[in-house]
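The next block holds one structure in the form of structure tokens; read it before the comments.
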Ligand SMILES: C[S@@+](CC[C@H](N)C(=O)[O-])C[C@H]1O[C@@H](n2cnc3c(N)ncnc32)[C@H](O)[C@@H]1O
């Protein structure tokens, strides 16, 4: 993204809600930049076959294609443009595997209680404006005993990227995330931190980021 010389506030806006032509480009950028985070979360997803799985905030959906082929996949995203992009880019998974993409907000999801065996979401927690409401919704849409996985960067990592993350990102320490999930009624809370490959930041400096994977049981 550094070579595109984009305004950091604009990039932050499209990371929160990718829209229009720039949102589509950001979607492609995220596929490359966040692939290691998807790989980190994937290590924690148990046997997927036949599971009713919900992903919240799928970007353009491309990074989740493999998961779509193995599950009853539903994606939820509040960017109508990302829903349209995923429907087009993942048309084979829609037709052959029954993947579906739904337009909606994590704070008020259009699903019945207990609709899913598993829910995962990667890089969306920074945009939960009402985190207790979002956590309560995650608990509600999971069946009792269902599993939640949250992929995120540490606050320290996001502080390294402050040129972008100072614009509207809500950065929560891991202990705060743990407390949030516990208060929503989740049990068996744990998290794992994986170092990511070194990468350049917007100024071209090499930075060491991490993938945090939270897991919890509804
Ligand atoms: C930073 S992108 C992450 C995309 C992908 N998960 C990744 O890690 O590459 C955030 C995605 O979550 C969606 N999103 C953000 N807040 C949301 C909310 N409140 N409800 C539903 N989707 C949301 C955005 O539209 C966008 O597609």
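Coordinate-derived values only; no laboratory data. Because the structure is a prediction, the values reported are computed rather than measured. Using ideal geometry, Cβ is built from the backbone for each residue, glycine included, and neighbour counts are taken over all protein chains shown.
What the table below lists for this structure:
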item	result
Residue 107-residue 10 FRET efficiency (beta carbon distance; Förster radius 22 Å; 0.05 resolution)	0.35
Beta bridge orientation in segment 1-118: antiparallel %, DSSP, nearest 5	10
Two-site FRET efficiency, residue 198 against residue 21, from Cβ-Cβ distance with R₀ of 25 Å, rounded to 0.05	0.25
MRE, 222 nm, helices only [DSSP H, n ≥ 4, -39500 (n - 2.57), over the chain, to nearest 500]	-10500 deg cm²/dmol
The chain: relative contact order in percent, alpha carbon pairs under 8 Å with at least 6 residues between	21
Estimated distance in nm for a label pair at residue 35 and residue 191, the labels positioned 7 Å out from Cα along Cα-to-Cβ	2.6
Top of 196, 117, 77 by mean-square fluctuation, Gaussian network on the chain, Cα under 10 Å	196
For segment 2-217, share of DSSP beta bridges that run antiparallel, in % to the nearest 5	45
Peptide ranges 139-148, 162-171 listed from the most packed, as the mean C-beta count within 10 angstrom indicates	139-148, 162-171
Global form of the chain, assessed from the alpha-carbon gyration tensor, a/c cut-off 1.5	oblate
